[in-house]
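For reference, the structure is listed below as structure tokens.
Just so you know, all these numbers are worked out from the coordinates, no wet-lab data involved. Everything numeric in this text was worked out from a predicted model, so none of it was measured. Backbone-built Cβ (ideal geometry, glycine too); neighbour counts: all protein chains shown.
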Amino acid sequence: MDLNGIFLINKEKGLSSRKIDDLLNKKFNIKKSGHLGTLDPFASGLLIIAVNKATKLLQFINDDIKEYVAVLKLGEKTETFDTEGEIIEKKPVTNFSKNDILNVFKELKNITKLVPPIYSAIKFKGKKLYEYALKKKEINLKDFERDVKIYDLELITFTNDEIKFRCIVSKGTYIRSLGVLIAEKLNNIGYLTSLERTKIGNFSLSEAKTINEVKESDLIPYNKVLTNYFKVKVDDDLINIIKSGKKFYLNGDFYDYPDKILIVDNNDNYLAIYKYSESNIYLPFRGLF
């Protein structure tokens, strides 16, 4: 029987996210897989991998909020903002205090835009930005500012040239760019020497296993993946209505109707996601059967 669901993998440093997919496919003879939220090779931590039928669920998993723990080294800057690139600048580290760091963190919680690193997979005219970087072509990164939200920034430890911090951020936030910005706000330069993702939505690194440790029994089944949706169970006589893509009336007295609902059968098998239209009427958004 084909595996259908998601694995929570603790990605180790030095491996690409795509490589983890390939290793998992080989280990369990999986036909199709895909991951949510790429981690750079230098980074580690939580990687969600959907397999077979569950790959269609990736776009619906709540990854709007992510948590990371990072280490920022001051006094040097690399072209990639991490350990993968060559050092392109050095300067003496200016003095700073704990209060200086906390004030910077407080200021950064209010930002809504963040410039990405040139070494990123953002596409421009059919090519990824890092391809332009490799060819030394000039790109105005300001044109690629990302909408971001910094929910929390917490100082863990610091020395005279290193800051370890935890952050909770919105989807699309480049922590490498955030680290460089922290350094700049402290009148320094810097790059990340370590980055670990600890949470994606409701999923935590504490639940994950390395590619060598993971077993088939660690699979989160297909019908247990979308935990963040309002679930509506329908009887057999309504299943054909759902599968034919007809509108659905949600009975109940709701102060605020959910934007999307997950419709399941009596055995909790996923049937479809419906989107709110008007009053108590929902229209088909995506079939999952």
Against the longest alpha carbon principal axis of the chain, how many degrees, from 0 to 90 and to the nearest 10, is the axis of helix 175-185 turned? 40
Go ahead and estimate [θ] at 222 nm for the chain from helices alone: -39,500 (n - 2.57) per DSSP H run with n ≥ 4, summed, over the residue count, rounded to 500. -5000 deg cm²/dmol
Crossing angle, helix 17-28 versus the chain [Cα axis fit, 0-90 degrees, rounded to tens]: 50
What is the fewest-to-most order of S217, S33, S97 by other Cβ atoms lying within 10 Å of their Cβ? S217, S97, S33
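Would you work out the relative contact order for segment 230-287, in percent, from Cα pairs under 8 angstrom that are 6 or more residues apart?
On the way: 101 pairs, mean separation 22.1, N = 58.
The normalised contact order for segment 230-287 reaches 38 percent.
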Going 7 Å from the Cα of D2 in the Cα-to-Cβ direction, what parts of segment 44-87 have a backbone nitrogen less than 11 Å from that spot? 51-56
Report the extension gain between S244 and T159 in nm, rounded to one decimal, defined as 0.36 nm multiplied by the number of residues separating them, less their alpha carbon distance. 24.4 nm
Would you calculate the separation in nanometres between label points at E89 and D152, each defined as 7 Å from the Cα along the Cα-to-beta-carbon direction? 3.2
Ranked by Cβ crowding within 10 angstrom, fewest neighbours first, how are K66, K199, K224 ordered? K224, K199, K66
In a GNM of the chain with a 10 Å cut-off on Cα contacts, which of L192, L250, L178 has the highest mean-square fluctuation? L250
Stretch N212-N103 to full length: gain in nm at 0.36 nm per residue minus the Cα-Cα span? 35.1 nm
